[in-house]
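Input: a single structure, listed below in structure tokens.
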Amino acid sequence: MGLSLGLQVYSIRESLRKDFWGAMEEVAKIGYKNIELANHRADVDSGCGFDVPAAEFKRRMDGLGLTTVSSHVSPLEKADLGAVIEYAHMIGNANIACPMHFYRDEADVLAFAKEMNSLGEKLKKSGIQLYYHNHFHEFQKFKGKVAFDLLLANTDPDFVSVELDTFWALRGGVDPVAYLKKLGKRCSLIHQKDLAASASPVDLFERIGQGEKLDMEAFHAKGASPTDFVEAGEGVMAIGGIVAEARRIGAAKYIIIEQDFSAHAELESIAISFKNMTKLLAIK
């Protein structure tokens, strides 16, 4: 299987809230086929995050020619895991990702690694692969050790895979291509957006400092500005190199558009990324 394009529906979250199936129909019209869900209500909804029963979801997605290839599920620790697994099976989804976690110190990372191993093993027994999706703060160092490196070193690759968000890796001071090489076959899902030329500094730790306590409040207050985000292919990221390295390694199945913020309307934004990424993926 080659590298296929997908869409993380967090990119169109407001459109989905207004008219879920109307938005999904527009996604299909743009040309997307592969969908990654964003359920940030997993404590009250074990499904797609928009209170759609599994049978209806599968039937209507099939009718639009859309396939669920993954799902972000949060908060995982408060979710009914059995119900999450059942919904995933019913809609044909075999991948679940933890979208975000914060760490105070090395002990926090090690404790969370243990939790991820346990969860990943349970999901694996049910035919589902667990992924961890990064932001920039995972590249903070604790006593000289990168938090993300610690997490990877202390989780079983069979139970915990990586969904590398290349934009956030870059904002953490990391070369996405070099990190893809480091991850190798452990990374089979990739998130892509692009960085505005005006974003400064590129490495957010140049502004925040490695000793800063990073939690959700600090992430939003001191992290990336909404104006730092542009559509894939519209900014300064070397996306061609990312695609080439992902193909060279051969493990990545999907490169998934996730647009956190945009100056464009949501559906216009994902259409721009679709057009640009389709051209990039056509280059061999």
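Okay, residues lined up against (1) touching a Ser or Thr at 6+ places or on another chain (Cβ under 7 Å); (2) at pLDDT below 95; (3) of a type in the set (Asp, Glu):
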site	(1), (2), (3)
ASP203	no, no, yes
HIS220	no, yes, no
GLU234	no, no, yes
ILE270	yes, no, no
Exercise. Note down all Cβ pairs under 9 Å where the first residue falls in the stretch 22-38 and is on the phi < 0 side of the Ramachandran plot and small (Gly, Ala, Ser), the second is in a loop (DSSP other than H, G, I, E, B) and surrounded by fewer than 18 Cβ atoms within 10 Å (Cβ to Cβ), and they're at least six residues apart or on different chains.
Key: ALA28/GLY65
Quiz item: Which residues, counting only those in the stretch 65-87, are closer than 27 Å to ILE30 by Cα and in contact with a Ser or Thr (Cβ under 7 Å, 6 or more places away or on another chain)?
Solution: TYR87
Self-check item: Any hit, the stretch 156-179, residues being polar (S, T, N, Q), exposed (fewer than 15 other Cβ atoms within 10 Å of the Cβ), in contact with a strand residue (DSSP E or B) (Cβ under 6 Å, 6 or more places away or on another chain) and within 24 Å of PHE112 (Cα to Cα)
Solution: no
Practice problem: Out of the residues in the stretch 149-206 that are in contact with a helix residue (DSSP H, G or I) (Cβ under 6 Å, 6 or more places away or on another chain) and among the charged types (D, E, K, R), state the one that is nearest to SER70 (Cα to Cα). | Solution: LYS193
Practice problem: Could you check, for the stretch 124-147, whether at least one of its residues is touching a strand residue (DSSP E or B) at 6+ places or on another chain (Cβ under 9 Å), closer than 25 Å to ASP194 by Cα, aliphatic (A, V, I, L, M) and in a helix (DSSP H, G or I)? | Solution: yes
Self-check item: In the stretch 20-73, residue farthest from LYS275 (Cα to Cα) [restricted to those that are part of a helix (DSSP H, G or I) and among the acidic types (Asp, Glu)]
Solution: GLU56
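Name the residues in the stretch 232-261 that are more than 16 Å from TRP168 (Cβ to Cβ), touching a helix residue (DSSP H, G or I) at 6+ places or on another chain (Cβ under 7 Å) and not in a helix (DSSP H, G or I), would you? Talk me through it step by step, then tell me what you get.
Taking the stretch 232-261 and keeping what is more than 16 Å from TRP168 (Cβ to Cβ), we get 233-234, 240-241, 243-254.
Applying the additional criterion that residues be touching a helix residue (DSSP H, G or I) at 6+ places or on another chain (Cβ under 7 Å) yields 233-234, 240-241, 243, 245-246, 249, 251-252.
Within the stretch 232-261, GLY233, GLU234, ALA251, ALA252 qualify.
Can you tell which of SER11, SER4, SER71 is under 27 Å from GLY250 (Cβ atoms), within 17 Å of the chain's Cα centre (by Cα), of a type in the set (Ser, Thr, Tyr) and surrounded by fewer than 16 Cβ atoms within 10 Å (Cβ to Cβ)?
Within the list SER11, SER4, SER71, the selection yields SER4.
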Quiz prompt | Tabulated pairs, the stretch 95-114, first small (Gly, Ala, Ser), second outside any strand (DSSP E or B), C-beta under 7 angstrom, 6+ apart or interchain | solution = ALA113/LEU151; ALA113/ASN154; ALA113/THR155
Exercise. Identify, from the list GLU163, GLU212, the residue that is in contact with a Phe, Trp or Tyr (Cβ under 7 Å, 6 or more places away or on another chain) and among the acidic types (Asp, Glu).
Key: GLU163
Quiz prompt | Criterion (part of a loop (DSSP other than H, G, I, E, B), out of contact with any strand residue (DSSP E or B) (no Cβ under 7 Å at 6 or more places or on another chain) and without any contact (Cβ under 8 Å) to a residue 12 or more places away in the chain) met by exactly one of SER200, SER118 | solution = SER200
Quiz prompt | Odd one out for GLN140 among (1) closer than 28 Å to HIS220 by Cα; (2) within 17 Å of the chain's Cα centre (by Cα); (3) of a type in the set (S, T, N, Q) | solution = (2)
Exercise. For the stretch 14-21, indicate whether the set of residues that are over 16 Å from ASN95 (Cα atoms) and among the small types (Gly, Ala, Ser) is non-empty.
Key: yes
Quiz prompt | Only one of LYS114, LYS185, LYS181, LYS122 that is touching a Gly at 6+ places or on another chain (Cβ under 9 Å) and farther than 20 Å from ASP228 by Cβ | solution = LYS185
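The values are calculated or read from the model by the stated rules, or taken from the named source; none is laboratory data. What you see is a predicted model; the values in this text were computed from it and never measured. No Cβ is skipped: glycine too gets one built from the backbone with ideal geometry, and neighbour counts run over all protein chains shown.
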